[in-house]
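Here the structure comes first, spelled out in structure tokens, and everything after it is commentary.
A short reminder: the numbers here are calculations on the coordinates, not readings from a lab. Because the structure is a prediction, the values reported are computed rather than measured. In this analysis, Cβ positions are derived from the backbone assuming ideal geometry, glycine residues included, and neighbour counts consider all displayed protein chains.
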Amino acid sequence: MKIDSLLVTSAANWFYLTGFTGESGALLVSRKGTTLVTDGRFTVQGRAETSGIRILQHKGSLVESVGQFLKDSRFRRVGFDPTQVTVGQLQSLRKAAGAGVRWVASVGAVESLRMRKDAAELAQMRRAAILAGEVVQSAIRLLKPGVREFEVEAEIVYEMKKRGASGPAFETIVAFGERAALPHARPTAKRLRKNELVVLDLGAILGHYCSDIQSESESGTRRFWRPRRPRLQRQRAERRAGMSMPRQGKSWLGIA
């Protein structure tokens, strides 16, 4: 893939490359240097969170400003991810950058780097997982007859943020009784009855890294639901195998 510059439009990717956590922008990476194009809401933040990159405030639309920057910089081959740039955006980029710029599809250029986790990333992921486990334990103490699913969900989100998480990694699942069989049950006003099965599926975002944990428990107890012994033994073996695989520098393809 021979390109002069790479256009990065994913917030997760520009955070990985620069540390910028703003909600709007585009990152241009080249041998000449790295430029973050964003609006006036995030210029101060961008300078505070990044180092060694140029912060460019756009005055018109973001796409038009990026195209004009590429034109002025005389780049000829610009990589972009077609899974993250819409057809309309690409048309606007082509118009603003001019005929001198050739757009090269570069799928997963940054994601291929993110697949391999360093020691700091692994440590952060462990902290996010530990936090999620603590939240589950806290939620189980709420599982008394009469409590509603959405009340438990609200407490789960509160406990996450109280422990330092920026929020849930995905929509939290809280399901009682027959609803526990649903693949992705949204919390409702259903009240918990005694001896009903409860499924909790949640994840927390901590330091921009996500965790995911699921538990099954029974109302009226503080114990995890105990499946039949063969299933429990299989789950424990799978967990041990999975926990032993992630290592610094190892691709996720060798784990999945």
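Would you calculate a helix-derived [θ] at 222 nm for the chain, using -39,500 (n - 2.57) for each DSSP H run of n ≥ 4 and dividing by the full residue count, to the nearest 500?
Using -39500 (n - 2.57) per qualifying helix, the result is -11000 deg cm²/dmol.
Under unit Cβ charges (Lys, Arg +1; Asp, Glu -1), what dipole magnitude, rounded to 20 debye, does the stretch 5-114 have relative to its Cα centre?
520 debye
Would you mind checking the stretch 184-214 for residues with the amide N under 19 Å from a putative spin-label position 7 Å along Cα→C-beta of ALA12?
Those under the cut-off are 202-214.
Per q in 0.07, 0.08 Å⁻¹, report the Debye log10 I(q)/I(0) for the chain, using one uniform scatterer on each alpha carbon and no solvent.
Summing over Cα pairs of the chain leads to -0.36, -0.47.
Can you tell me the dipole magnitude for the chain around its Cα centre, using point charges on the Cβ only (Lys, Arg +1; Asp, Glu -1), in Debye to the nearest 20?
700 debye
Given R₀ = 22 Å, what would the calculated FRET efficiency be for ARG193 paired with TYR158, taking r from the Cβ atoms and rounding to 0.05?
Given R0 = 22 Å and the Cβ-Cβ separation, E is 0.35.
Which pairs break 26 Å Cα to Cα here: LYS2/LYS95; LYS2/LYS71; LYS59/LYS161; LYS161/LYS194; LYS2/LYS59; LYS71/LYS117?
LYS59/LYS161; LYS161/LYS194; LYS2/LYS59; LYS71/LYS117
Spin-label point model (7 Å from Cα, Cβ direction): what's the ALA105 to ARG126 distance in nm?
Output for this residue pair reads 4.1 nm.
What FRET efficiency comes out for ALA181 versus ASP212 if R0 is 22 angstrom and r is the Cβ-Cβ distance? Round to the nearest 0.05.
Efficiency at R0 = 22 Å is approximately 0.65.
On a 0 to 90 degree scale, rounded to 10, what angle separates helix 87-97 from the longest Cα axis of the chain?
Rounded to the nearest ten degrees, it is 30.
Just name one of GLY98, CYS210, VAL8: the one whose Cα is farthest towards the positive end of the charge dipole of the chain (beta-carbon charges, Lys/Arg +1, Asp/Glu -1).
CYS210
Starting from 0.36 nm per residue, how many nanometres of slack lie between ASP39 and GLN68 once their C-alpha separation is accounted for?
8.9 nm
On a straight-distance basis, which aspartates and glutamates could pair with LYS144 in a cross-link, Cα separation under 12 angstrom, same-chain partners fewer than 8 positions away excluded?
Those aspartates and glutamates meeting the cut-off are GLU196, GLU218.
Based on the Cα coordinates of the stretch 77-205, what is the per residue volume of their convex hull in Å³?
Per residue, the Cα convex hull of the stretch 77-205 comes to 162 Å³.
Based on the Cβ-Cβ distance of LYS2 and SER244, what FRET efficiency does E = 1/(1 + (r/R0)^6) give at R0 = 45 Å, to the nearest 0.05?
E(calc), rounded to 0.05, equals 0.70.
Return, ordered by residue number, the residues of the stretch 10-43 whose backbone nitrogen is under 17 Å from a label point located 7 Å along Cα→Cβ of ASP118.
Output list for this probe position: 13-20.
Tally the DSSP beta bridges in the chain and give the antiparallel ones as a percent, rounded to 5. All intermediate terms of the calculation are to be shown ahead of the outcome.
On the way: 25 of 35 bridges.
Given both bridge residues lie in the chain, the antiparallel proportion sits at roughly 70 percent.
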